[in-house]
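To start, the structure under review is shown below, and the notes come after it.
The values are calculated or read from the model by the stated rules, or taken from the named source; none is laboratory data. Keep in mind it's a predicted model, so treat the numbers as computed, not measured. Please note: Cβ atoms are built from the backbone with ideal geometry, for glycine as well, and neighbour counts cover all protein chains shown. Keep in mind that these areas ignore ligands, DNA and RNA; they rest on the heavy atoms of the full protein, side chains included. Shrake-Rupley method; radii C 1.70, N 1.55, O 1.52, S 1.80 Å.
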Amino acid sequence: MSEHETGPGADRAQQPPGPGVTRRDAGHDDGAQVKTGNDKAGPAAEAAIPELVIISGMSGAGRSTAAKCLEDLGWFVVDNLPPALIPTMVELGARSQGNVARIAVVVDVRGRRFFDNLRESLADLDARGVTRRIVFLESSDEALVRRFESVRRPHPLQGDGRIVDGIAAERELLRELRGDADLVIDTSSLNVHELRAKMDAQFAGEEEPELRATVMSFGFKYGLPVDADLVVDMRFLPNPHWVPELRPYTGLNEEVASYVFNQPGAKEFLDRYAELLRLVAAGYRREGKRYVTIAVGCTGGKHRSVAMSEKLAARLAAEGVETVVVHRDMGRE
């Protein structure tokens, strides 16, 4: 994703989803305004508070691209707003009489006091009953180094050290914020258009569902997805790779999927794990978690994990969960 955050010339046109990314809709967003806990009648008592998204994450991971995507979707975007001013921005939006219904704020962490200010602002917003979400852009050290070197820019925290020193310092400062994030997107293997597709899938609808899920197939030989909330392993099933007539195809192929689900334990696993996800989803809703990423792995991310991901996504959609399916490593061989 070397095009991420390379300046104002970045592509801002709407793009179709990248390969291996599909969406299963379980609802649509009506843009309903978030209100405070005060339900009294009258304009002053029912001040509509704008919907707020805070975009943060690693420098070079795609914060600017994510922000531009929201801007194209009609959000009011403020880049590099000091965290102490976020509550003020929300207040100004509430006074706009509905003209600023959705605000996205891009923040980065360049010092300890800066992070303290952000925590204080988040606590202030919570105390006021403001519904806010945090989107965290993550990426591997290798991908970040490659991006900084490609644009010949120093990392903002590297000082007199190396790029990897700045990345390590930033990762440590952001550790707590990453843990608080509602949505973590790993951009290590994404290009600009694929990141936009992920953002569109989460924010382009008109009616926000209670819970949104990403079901991601992957290959263990390429590493675990760093943004996964739940990980399951399909390597207990026979590998279609060793069936010559199935090897060239993927889990999207009907013959491959039939082979996978005719193996002992495959259908039982699907039924039981879908039931487990129903229990987990109910808990996430109670805890106010809006996003979950379910990673389904096999050896190469081509056959078993792809077939199982498609079936799990269909089950989640049937339960009313808006679901995006991403096949991270399909076609990588």
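Data for the structure
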quantity	calculated
Long-range amide H partners of Arg132 with built H, under 5 Å	none
For Arg272, net neighbour charge (Lys/Arg +1, Asp/Glu -1) across residues whose Cβ lies under 13 Å away	+1
Ranked order, Tyr222, Tyr273 - accessible area, probe 1.4 Å, largest first	Tyr222, Tyr273
Entries of Lys198/Lys267; Lys267/Lys302; Lys221/Lys267; Lys221/Lys289 with Cα pairs more than 23 Å apart	Lys198/Lys267; Lys221/Lys267; Lys221/Lys289
Amide H contacts of Ala104 (H built 1.01 Å from N, under 5 Å, at least 5 apart or other chain)	Val53, Phe76, Val77, Val78
Rounded if a/c under 1.5, otherwise prolate or oblate - region 93-137, Cα gyration tensor axes	prolate
Qualifying trypsin sites (Lys or Arg not before Pro) in region 74-173, DSSP loop, other Cβ atoms within 10 Å at most 16	Arg95, Arg110, Arg128, Arg152, Arg162
For region 249-266, Karplus couplings with θ = phi - 60° (6.51, -1.76, 1.60), whole Hz, Gly/Pro x	9, 10, x, 7, 6, 4, 5, 5, 4, 5, 4, 4, 7, 8, 7, x, x, 5
Dipole magnitude of region 248-333, debye to nearest 20 (Cβ charges: Lys/Arg +1, Asp/Glu -1, about Cα centre)	340
Solvent-accessible surface (1.4 angstrom probe) belonging to Lys221, in square angstrom, nearest 10	120
For region 94-141, with +1 on Lys and Arg beta carbons and -1 on Asp and Glu, the positive-most of Gly129, Val109, Ser96 along the dipole	Ser96
Rounded accessible area per residue of region 179-259, 1.4 Å, Å²	44
Region 105-146 - accessible surface per residue (Å², probe 1.4 Å)	42
